[in-house]
Amino acid sequence: MIRIAIIAGVLHSGGKRNLIMEFYRHIDRTKVQYDFICDSDSNGIPTEEIESLGGKVYVVPPYKQIVSHMRETYKILKENKYSVMHAFDNTLNLFPMFLGRLAGVKVRISESISKGDKSEKKTLVKLALRPFSHWFATDYMANSIDCGKWQFGGKTYKKGKINIFKTVINAEENAFDQELRNATRLKFGWDDKMVYGFIGRYVDQKNPLFLIDIFNEITKRQENAILVMIGFGELEGQMMARVQDYGLQDRVENLGRRDDIKQFYNAFDAFLLPSLYEGMPVVGVEAQCCGLPIFFSKNITEETTACDLAHYIGLDESASQWAETIVPIVKKEKEVRRSRVDEVKLTGFDSESEAHRLQEFYYHLLNNESHSMMR
């Protein structure tokens with residue numbers, strides 16, 4: 001059995017955690033086992049589930065405390081004598097890749113699961129570290145071609161050195177459930193509403209203030225429209241201030257952080273995700289699987305398309321133009337709502353098949369002496 005060090009970084013509830021855990025739940029754990037190394041400022045480490053599946057959880061100081069962070073991470077890598085490590089922290093992978101090389105980890109996989117936007121402060125760090133993305137890693141992975149090219153470069157992709165493993169979900173688990181839809185809408189008083197939803201962090205990347213602008217325009221075209229937001233983040237105050245400015249207090253529900261997400265995919269009538277950038281968002285695939293039309297910005301890779309429910313609108317278009325596109329589609333799709341499990345499986349987003357491919361990939365790298373030893 002291979003025991004793999006998963007460098008998770010800051011692990012909150014959301015896309016990165018869901019991606020890693022979907023692979024972990026579906027790999028053959030008699031052949032591959034994960035140990036998680038997470039930053040102490042994480043608020044979504046599924047410790048109980050990880051340990052129940054046979055894994056270990058190590059918590060290290062946050063990367064902002066770089067000296068103690070690296071010292072503790074190195075100690076864990078060295079003491080456990082891992083032969084494989086897999087880092088999911090984008091350009092920050094530079095640091096654990098270096099530590100892995102020092103600790104003698106043979107296979108060091110650096111994965112890109114996101115991109116960046118120049119208008120966002122934290123992207124400055126990403127851009128500063130990006131030229132060093134090749135350093136100390138033996139192998140590169142990404143959850144989309146766009147993410148791989150963004151971090152490791154187009155030339156690296158053309159040479160076939162970036163291994164693409166899609167964002168995956170449990171397709172059957174995310175099937176549309178009419179009874180759950182009815183029960184949820186009844187519980188929250190949404191029976192006669194057209195429910196627009198958003199699930200994600202309230203941060204610049206997700207473009208949440210523009211989300212409010214879009215919904216304001218939607219309300220001018222649909223009298224029964226409401227917006228349901230699930231998440232948390234530093235822009236929450238600004239978002240709610242904009243809701244108040246538009247006079248939408250009675251039409252916007254902010255449910256905060258929640259883990260019982262499945263019911264909301266079923267209860268929503270549309271999902272809005274006008275992000276400045278994404279990798280390949282888990283919520284986008286889950287929404288489509290549940291038969292929910294989703295409206296992405298064109299800044300999100302079209303590789304996220306799992307069926308005909310994925311729609312892309314440019315951020316150069318106004319909130320009014322977004323609403324003009326969205327409203328008729330939502331009205332039409334509500335009448336023919338159904339599961340899209342088969343389409344999701346056919347387009348390669350199902351966790352079971354991709355997890356099997358990933359475990360074979362680990363064994364291939366470990367047994368293949370010819371893979372490149374970068375710097």
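The values are calculated or read from the model by the stated rules, or taken from the named source; none is laboratory data. The structure displayed is predicted, hence computed values, not measured ones. Note: ideal-geometry Cβ built from the backbone for every residue, glycine included; neighbour counts use all protein chains shown. Please note that ligands, DNA and RNA were not included when accessible areas were found on the heavy atoms of the full protein model with its side chains. Shrake-Rupley method; radii C 1.70, N 1.55, O 1.52, S 1.80 Å.
Observations on the model:
- For the stretch 257-375, size of Cβ-based charge dipole, Lys and Arg +1, Asp and Glu -1, in debye: 280
- For the chain, a crude dipole built from +1 on the beta carbon of Lys and Arg and -1 on the beta carbon of Asp and Glu, taken about the Cα centre, is about 1480 debye to the nearest 20.
- Apportionment of accessible area to carbon and sulfur, the stretch 224-281, percent (1.4 Å): 42
- Residues whose amide H falls under 5 Å from that of Ile2, counting only those 5 or more places apart or on a different chain, are Val32, Gln33, with hydrogens built in the peptide plane.
- In this rough spin-label picture, where each label sits 7 Å from Cα along the Cβ direction, the Thr325-Ser52 distance is 4.1 nm.
- Within the same chain, lysines fewer than 8 places from Lys331 are excluded, and of the rest, those with a Cα less than 27 Å from its Cα are Lys187, Lys193, Lys206, Lys220, Lys262, Lys298, Lys345.
- Within the stretch 132-211, trypsin sites (Lys or Arg not before Pro) in DSSP loop having at most 14 other beta-carbon neighbours inside 10 Å: Lys159
- Other-chain or far-sequence residues with amide H under 5 Å of Ser112's (modelled H): Met141, Ala142, Asn143
- Using the Cβ-Cβ distance between Arg25 and Glu223 with R0 set to 41 Å, the FRET efficiency works out to roughly 0.45.
- In this structure, Ser318 and Ser83 have a Cβ-Cβ separation that, at R0 = 56 Å, corresponds to a calculated FRET efficiency of about 0.55.
- Length released on extending from Gln178 to Ser353, taking residue separation times 0.36 nm less the Cα-Cα span: 60.3 nm
- Its alpha carbons give the stretch 60-206 an Rg and a Dmax of 20.0, 61 Å.
- Listed by chain and number, the lysines whose alpha-carbon sits under 16 Å from that of Lys149, ignoring those within fewer than 8 places in the same chain, are Lys115, Lys126, Lys158, Lys159, Lys161, Lys166.
- Under 24 Å between alpha carbons - lysine pairs in the stretch 14-114 that sit 8 or more apart or on different chains: 17
- Each part gets one Cα centre, and for the stretch 285-349 versus the stretch 198-219 those centres are 16 Å apart.
- Accessible-area composition of the stretch 1-70, carbon plus sulfur, in percent [1.4 Å probe]: 50
- Rg and Dmax, both from the Cα atoms of the stretch 136-270 and both in Å, are 19.1, 56.
- Solvent-accessible area per residue for the stretch 125-262 (1.4 angstrom probe, square angstrom): 46
- Accessible surface of the stretch 127-167, 1.4 Å probe, proportion on carbon and sulfur as whole %: 58
- Two numbers describe the Cα atoms of the chain: Rg and Dmax, which are 21.0, 64 Å.
- Since only Ser13, Ala267, Tyr82 are under comparison, the one whose Cα sits farthest along the positive direction of the charge dipole of the chain, derived from C-beta charges on Lys, Arg, Asp and Glu, is Tyr82.
- Scattering from the stretch 1-127 was approximated by placing one identical point on each alpha carbon and applying the Debye formula without solvent; log10 I(q)/I(0) at 0.14, 0.18, 0.20, 0.22 1/Å stands at -0.58, -0.98, -1.21, -1.45.
- Computed from backbone phi, the HN-Hα couplings of the stretch 283-296 come to 4, x, 6, 4, 4, 4, 4, 7, x, 9, x, 10, 10, 9 Hz, rounded to whole numbers (Karplus: 6.51 cos²θ - 1.76 cosθ + 1.60, θ = phi - 60°; Gly and Pro given as x).
- Heavy-atom accessible area per residue - the stretch 297-347, 1.4 Å, Å²: 51
- Estimated FRET transfer efficiency when R0 is 45 angstrom, pair Val336-Ala241 (beta carbons, to 0.05): 0.75
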